[in-house]
Structure formats: structure tokens, C-alpha cells
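Undergrad: Here it is, the structure in full.
Rule-based calculations on the coordinates, nothing more; no lab input. Bear in mind that the values here come from a model prediction, so they are computed numbers and not experimental data. Cβ sites come from the backbone with ideal geometry, for glycine too, and all protein chains shown count toward neighbours.
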Ligand code: ADP
Ligand code: MG
């Protein structure tokens with residue numbers, strides 16, 4: 001459903017003295033993602049992950065190469081509406097994503113902008129809040145709850161409900177748990193897994209915590225704008241050297257396994 005072909009991307013900017021500079025964010029990146037896959041995107045700070053998420057959502061465009069979403073080239077402006085409703089985007093900071101003063105209105109924002117008829121909108125809002133286990137907020141007085149009273153995990157799930165109300169096929173999560181406490185992190189992760197398993201929504205999950213993507217279908221590892229490695233979690237996480245070179249840790253169980261094997265312990 002998503003094809004990235006030989007993509008290069010650089011940011012142009014000028015410094016205080018007005019001198020132009022170029023910061024290369026992605027270098028000759030190619031991969032594809034199938035419908036229904038859960039893809040983990042790993043990389044340390046500055047490796048190009050957020051740039052990638054904006055390219056997939058047609059917010060920015062490749063300098064070279066192309067990005068196709070369901071066959072639509074992101075550079076063609078007549079496809080932007082379709083691309084952005086096919087691929088939703090959830091960011092790091094839940095507070096920056098809340099736009100309305102009540103939970104109900106916040107989820108309504110997206111479908112309202114899409115011009116969804118009122119009756120269908122009500123169904124979509126209820127359904128979306130249910131999918132993130134916040135159905136309580138679609139009934140009676142709870143509909144008027146201010147998002148300010150929600151926990152971090154609830155705010156992030158509200159942001160997800162807002163994206164779901166636009167009926168996306170795919171959701172890109174850009175480090176969605178990095179500002180949450182352990183409880184909120186767990187809630188959000190299990191919600192995202194359920195969206196994939198139960199509703200077959202394609203998930204692109206960006207993180208620098210390998211533990212969060214242990215059970216992904218596929219992992220992409222980025223370092224300094226290069227796609228370094230691509231494959232199933234088992235192969236990726238067994239490669240201690242590669243992860244270290246990319247500034248990443250092995251997940252604990254892989255680290256332990258490596259340690260025990262070095263000590264001559266045979267593992268099943
Ligand atoms: P990540 O999300 O993996 O931390 P980014 O995609 O944000 O990485 O950044 C990749 C590279 O692009 C970094 O070197 C960063 O400094 C640079 N970059 C990101 N945004 C901008 C910008 N608006 N202007 C100039 N350089 C940028
Ligand atoms: Mg980022």
C-alpha cells in the first residue's frame with residue numbers, strides 16, 4: 001500500500017548571517033509496506049524518522065525519488081486529500097494534538113472537515129472512541145469532558161480516535177509514547193496493537209525503544225538518513241553490532257540471550 005522509491009530529502013535553511021545551508025535528512029531510501037502490516041521504524045535522534053513520516057503523509061515531498069500511497073504519487077496535489085485521509089498521523093505530544101474544548105468535539109473535528117453527514121459522524125465518533133477503549137466519553141455528560149482532565153495516555157488515545165474518525169487504512173505513529181508515564185505507554189501500545197490485529201489497520205510505528213516493536217511484522221532501522229537494515233524482528237534484534245553502530249540498544253531478552261550464549265549456556 002506504500003512504496004518509497006529512491007527517496008532523497010534535504011532541508012534548506014539560512015543561518016543568522018543569511019548563508020544558505022542544506023541538511024540532508026534521507027538518502028536514497030527505498031522500501032514498501034503491505035496492507036495490514038505492523039512496521040516498526042527504529043532510529044536514534046536525527047536519523048530521519050520524522051522526516052519520513054511527513055513524506056508518507058504528503059506534508060513534504062522528496063527532492064528525488066517518489067512516494068506512492070495506494071498508487072497515488074504524493075507530489076500530485078489532486079491526491080493530497082485522499083492520501084491524508086488514507087494515512088493518518090499521530091505525533092509525540094498529546095497536548096499539541098487536542099484542538100477542541102470537549103472530548104466529543106475533538107473527535108468530531110476530522111470528519112467535520114471531511115464533510116461527513118451528521119448521522120454518520122455520530123456513528124464514527126462513537127465507534128472511534130470505542131476502538132480506543134474510551135466509549136465512556138461518548139455517552140451523556142461525559143461527552144462534554146474537557147480533554148484537560150484526561151491523563152496522558154487518555155489524551156493520546158483521544159488523538160488516535162480523532163484520526164480513526166477519518167476512516168484511515170494506515171496510521172503513522174511518531175514516537176507516540178515518549179511523553180507518557182509507564183501506565184499511559186502501556187495503554188497506548190495495547191490500543192495500537194488492537195487496531196492492527198482486530199481492525200487490520202496498517203501501522204507504521206516510529207520509536208527509539210526496540211522493546212516497543214518486538215512483535216512487529218517488519219522492522220526498518222535508520223541511521224543518519226540511511227535505511228541500514230530491514231527484516232523480521234528476530235534477525236534485526238540479534239544483530240548487536242548493527243544496532244550499536246546505529247546508536248540503538250538490543251531489547252533486554254536479546255541482550256540476555258547473547259550474554260548467556262557467550263557464557264556457554266545452551267538455550268532452546
Ligand atoms: P528523527 O525524527 O529521527 O529525530 P528528523 O527527521 O527530525 O529525525 O531529522 C533528520 C535530520 O534533518 C536531522 O539532521 C535534523 O537536524 C534535520 N532537520 C529536521 N527538521 C529540520 C528543519 N526543519 N530544518 C533543518 N533541518 C532539519
Ligand atoms: Mg522525530
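Undergrad: Grab the Cα-Cα distance for residue 230 and residue 73, subtract it from 0.36 nm times how many residues apart they are, and report the gain in nm with one decimal. Please report the intermediate quantities before stating the final value.
TA: Details: separation 157, 0.36 × 157 = 56.52 nm, distance 2.32 nm.
The span from residue 230 to residue 73 would gain 54.2 nm if fully extended.
Undergrad: If you average over every viewing direction, what projected area does the convex hull of the Cα atoms of the stretch 198-247 give, in nm²?
TA: Value for the stretch 198-247: 3.8 nm².
Undergrad: Starting from the Cα of residue 190, step 7 Å along the direction of its Cβ; do the same at residue 238; then give the gap between the two resulting points in nm.
TA: It works out to 3.1 nm between the two label points.
Undergrad: Can you give me the relative contact order of the chain as a percent, contacts being Cα pairs under 8 Å and 6 or more apart? Before the final figure, lay out the partial values.
TA: Details: 495 pairs, mean separation 64.0, N = 268.
This gives 24 percent for the chain.
Undergrad: Something else about it: Most fluctuating residue of 150, 26, 68 in a GNM of the chain with Cα springs under 10 Å: which is it?
TA: Comparing 150, 26, 68 in the GNM, the peak value goes to 150.
Undergrad: To continue, here is another question. Tell me, 222, 252 in order of fewest to most beta-carbon neighbours within 10 Å?
TA: 252, 222
Undergrad: Pop out the Kirkwood hydrodynamic radius of the stretch 1-128 from its pairwise C-alpha distances, inverse of mean 1/r, in Å to one decimal.
TA: 17.0
Undergrad: Something else: So for the chain, what are the equivalent ellipsoid semi-axes in whole Å, largest first, each being the square root of 5 times an eigenvalue of the Cα gyration tensor?
TA: 32, 25, 17
Undergrad: Oh, and also: Estimate the FRET efficiency between residue 252 and residue 133 by the formula 1/(1 + (r/R0)^6), using the beta-carbon distance for r and 22 Å for R0, to the nearest 0.05. Mind dumping the intermediate values first?
TA: Numbers: r = 27 Å, r/R0 = 1.25.
Efficiency computed from Cβ-Cβ geometry: 0.20.
Undergrad: Sticking with this one: So what's the back-of-envelope 222 nm ellipticity for the chain, counting only DSSP H runs of four-plus at -39500 (n - 2.57) apiece and dividing by all residues, rounded to 500?
TA: Taken over the chain, the calculation gives -10500 deg cm²/dmol.
Undergrad: Here is a follow-up. With each pseudo-label sitting 7 Å past Cα toward Cβ, what's the residue 82-residue 200 distance in nm, one decimal?
TA: Between residue 82 and residue 200, the simple spin-label model gives 2.0 nm.
Undergrad: Related question: So how far, in whole Å, is the C-alpha centre of the stretch 209-268 from the one of the stretch 117-172?
TA: So the separation of the two Cα centres works out to 35 Å.
Undergrad: How far is helix 182-199 tilted off the main Cα axis of the chain, in degrees rounded to 10, range 0 to 90?
TA: Helix 182-199 sits roughly 80 degrees off the main axis of the chain.
Undergrad: Arranged by the count of other C-beta atoms within 10 angstrom, fewest first, what order do 80, 104 take?
TA: Listing 80, 104 from fewest to most nearby Cβ atoms yields 80, 104.
Undergrad: How high is the FRET efficiency between residue 260 and residue 96 when r is their beta carbon distance and R₀ equals 45 Å, given to the nearest 0.05?
TA: 0.55
Undergrad: Let me know the volume per residue of the alpha-carbon convex hull for the stretch 23-90, in Å³.
TA: That works out to 105 Å³ per residue.
Undergrad: Oh, and also: Which angle between 0 and 90 degrees, to the nearest 10, do you get for helix 118-131 versus the longest principal axis of the chain when only C-alpha atoms count?
TA: That works out to roughly 40 degrees.
Undergrad: Arrange 81, 173 by Cβ neighbour counts within 10 Å, fewest through most, would you?
TA: Least to most surrounded, the residues fall as 81, 173.
Undergrad: Full-extension gain between residue 30 and residue 149, please, as 0.36 nm times their residue separation minus the C-alpha to C-alpha distance.
TA: Details: separation 119, 0.36 × 119 = 42.84 nm, distance 4.25 nm.
Gain on stretching residue 30 to residue 149: 38.6 nm.
Undergrad: Looking only at the stretch 2-262, where both bridge partners belong to it, what percent of the DSSP beta bridges are antiparallel (to the nearest 5)?
TA: 55
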